[in-house]
1. So how long is each side of region 88-192 along the principal axes, counting just the alpha-carbon atoms, biggest first, in Å?
2. Taking neighbour counts of Cβ atoms within 10 Å as a proxy for exposure, in what order, fewest first, do GLU289, GLU234 appear?
3. Taking the DSSP beta bridges in the chain as the whole, what percent of them are antiparallel, to the nearest 5?
4. Under a point-charge model restricted to the Cβ atoms of Lys and Arg (+1) and Asp and Glu (-1), what is the dipole moment magnitude of the chain relative to its Cα centre, in debye to the nearest 20?
5. Just add up the charged neighbours of ALA66: K/R +1, D/E -1, any other residue whose Cβ is under 12 Å from the Cβ of ALA66.
6. Please give, to one decimal in nm, the separation of the simple spin-label points placed at ALA416 and ASP178, each 7 Å out from Cα toward the Cβ.
7. Quick one: pull the percentage of alpha-carbon pairs in the chain with a separation above 32 Å.
8. Can you list the GluC sites (Glu not before Pro) in region 96-165 that are in a DSSP coil and have 11 or fewer other beta carbons within 10 angstrom?
Amino acid sequence: MQRKSRNKIVALATALAVVGQPAVQWAATTPVLAQDEIVITCTGCEASATDIFVNESHRLAEAFNAAYAGRYRIEYVPFAGVNDQTQFQPYLKRLAANDQLPDLFVTAGYVIRDLGKSGRLVDWTPELEADPAWSDSFFEDAWMSLRDEAGSTWGIPRYRNSIGIFYNTDLFSKAGIDGFPTTWDELLTAAAKLKESGVIPMAQDSAWISQLWWSNLIGVQPGGPEFLAGGILEGGFAEDPIVVTATERLKQLFTDGYVNPDAFSGDFFAADTLFTTEKAAILANGPWEIPCCINGETANPGLYDRVGYSIAPDSGVIAVSGEGSFASGARTDATREAVTAFMKFMTTKEQALAGYQAVGGGWPFRFEMTPEDEALIDPVTLAFMQAAAEADSAYVHALQVTPAGFLDAFQNNWPAYVQGAMSTQEFLAALSDAATAGS
């Protein structure tokens, strides 16, 4: 998949939610009266007839306006290219250069962190330090794409998304496999049994799906989460035993015949179809796979009832944060006060669950889930959330932090590597060059 498509896919993922954590209350959600109304502007909060994520931001803004009627109000400043970074990122940079950023805008975390260099964004560190209940409620990795090396926090995350591995429980049972493998060795044993039973063990594409597996194989190793969080941008992959091990393990799935014959196509949907028509038993993807595909019109009838969703073997899970974060160019104490109220309103349990229902997006902070809350979550996804909360390792996806050309380098060189035309060192050198491009 190309990066634009991947960003949309990643944005649909649902978050890891910790069940049973103490509830945190930090914001009022009822109307508050005041003598003087403070008006703030937002780009990315306008109504949209076509983009569900922009429309969800609009719903959130409208709910804020209703809750704080008479005290704070958001006015909308639309931009047609709000969800196209080739348009929105340079537009924001022009506004920052002229100190004309809106009081609120929503975009990817890496864009926000880059804009922080302009000196025109609100640094949220003081507000977070002043409200420990609020700041301590967030998952620590939710800040990864929003904080810089100096410790400034340039935005507040709206989502924390996670990605697991789907498997067909019926195909597993027919192959004599009881449950999803919990270790790499068990996965290889299960793959062999699935292949012998006459099905494709796992759907692969040499792009998005294969990158998910590569990230999992790195992240479950000691030091792997740290590599994915930043070390990946330093290159030197061929000399890193963590990366070498992960890469050679992924290659083994291909060379041992545990993947589909067209696994080099880079076509996610071709691989996905193999899973939804029950020709393949395993598929790595986010929980959006359920509404879009498992319950889709082209899937085998009743597939949902034959599907499980698991964390990765060796107890790891990909946790992606920063997509769809809010930042601020507020220039007065009054507008900063209003924006702070919005940020705290956004990060409440009520709005988190409303956002999940609207777009399937999860939340970057902990809260206690009641049985009524759990009833709002898809049962397969909820079981995954509960398992993910106990995973030994949580780590980001490699594609979240690498340059746009990294996926292309992986996809273009992977066939040659698997087929023996490149050594592990040569393949990883090509990836290193792509990861460090522009640094």
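Just so you know, all these numbers are worked out from the coordinates, no wet-lab data involved. As the structure is a prediction and not an experimental result, all values here were calculated from the model. For neighbour counting, all protein chains shown are included, and Cβ atoms are generated from backbone atoms with ideal geometry for every residue, glycine included.
1. 64, 34, 22
2. Result, fewest neighbours first: GLU234, GLU289.
3. Values: 20 of 33 bridges.
Bridges in the chain are about 60 percent antiparallel.
4. Numbers: 27 positive and 54 negative charges, 145 e Å.
I would put it at about 700 debye.
5. Charge balance near ALA66 sits at +2.
6. Inter-label distance under the simple model: 4.7 nm.
7. Summing the P(r) tail past 32 Å for the chain gives 38 percent.
8. Working: sites: GLU127, GLU129, GLU140, GLU149; in loops: GLU149.
Answer by residue number: GLU149.
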